[in-house]
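For reference, the structure discussed in these notes is given below.
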Amino acid sequence: MDDRLTEMSVRELVERLATDEPVPGGGSAAALTGAMGAALVQMVVELTVGRPTADGHDAELRQIGSHAAGSQSELLRLAEADAAAYAAVIAARRLSRGTERERESRRVRVNAAMRDATRAPLETARRAVGVFELAEALAPMGNRNAVSDIGVAGLLAAAALRGAALNVRINLPFLSENEPLRDEAAREIEQLLTGLEDRERTLQAAVAERME
């Protein structure tokens, strides 16, 4: 079986997540969730462009679809990157600590691996916010018969953001105290999450209104 997450069947991926192997884990799952949200945005765009109800919005819709396609591709890449980064953390932690030189080498390797393992979900969080923004923009003009899918896209994007944030936060204490990413990532995650609940309520209210 191919080890690349994006080459697995849905069943294979879900079953892999259910094992006692730590890779892939929640970071990859968050990125894949965001990718599905982006895909739903694209779907609704395709179901809307060219229809009479989209009159005057085709250019904006195509732009939303293009951004969604880019986000989907990037989030799929990040699912792989997150798995690879955490696999490197595991490998670094297993390095020998028999001598002082080995301990120092291990410390350097672990910190470098933890930086990558923090950057991947941080980028996932950024991309997830972008997908959520696309769902917000699409809600007023998307095909009314598929507006529920916009709501689902928003839910998935928000879940991807929260999941990625958790994966960033759990890694921060393992970064060295003088590592700039430690404070920078904490601040950015807080900023990305600010106001999310209110925005979710607004988006779902807009979806519900158009469903009535």
Report the FRET efficiency, 1/(1 + (r/R0)^6), for Val108 and Arg11, where r is their Cβ-Cβ distance and R0 is 41 Å, rounded to 0.05. 0.55
Helix 147-171: inclination vs the chain longest Cα principal axis, degrees, rounded to 10, gives 20 degrees
Packing rank of 16-26, 118-128, 138-148, where each peptide gets the mean count of other beta carbons within 10 Å, highest leading: 118-128, 138-148, 16-26
Can you give the Rg to Rh ratio of the range 1-97, both from alpha-carbon atoms, with Rh computed by the Kirkwood formula? 1.17
Just want the answer: with Cβ charges of +1 for Lys and Arg and -1 for Asp and Glu, which residue in Pro52, Ala35, Ser66 is farthest toward the dipole's positive end in the range 23-211? Ala35
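FRET efficiency for Arg4 and Leu95, Cβ-Cβ distance as r, R0 = 35 Å, nearest 0.05? Spell out each step's value before the answer.
Values: r = 26 Å, r/R0 = 0.73.
For Arg4 and Leu95, the calculated efficiency is 0.85.
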Compute the distance in nm between two label points, each set 7 Å from the Cα along the Cα-to-Cβ direction, one at Leu193 and one at Ala69. 3.5 nm
Note down the nm distance, to one decimal, between modelled labels 7 Å out along Cα→Cβ at Ile170 and at Asp58. 4.8 nm
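Every read-out reported here was derived from the displayed coordinates using simple, explicitly stated rules and does not represent laboratory data. No experiment lies behind these values; they were computed from the predicted model shown. Heads up, the Cβs are rebuilt from the backbone with ideal geometry, glycines too, and the neighbour counts pull from every protein chain shown.
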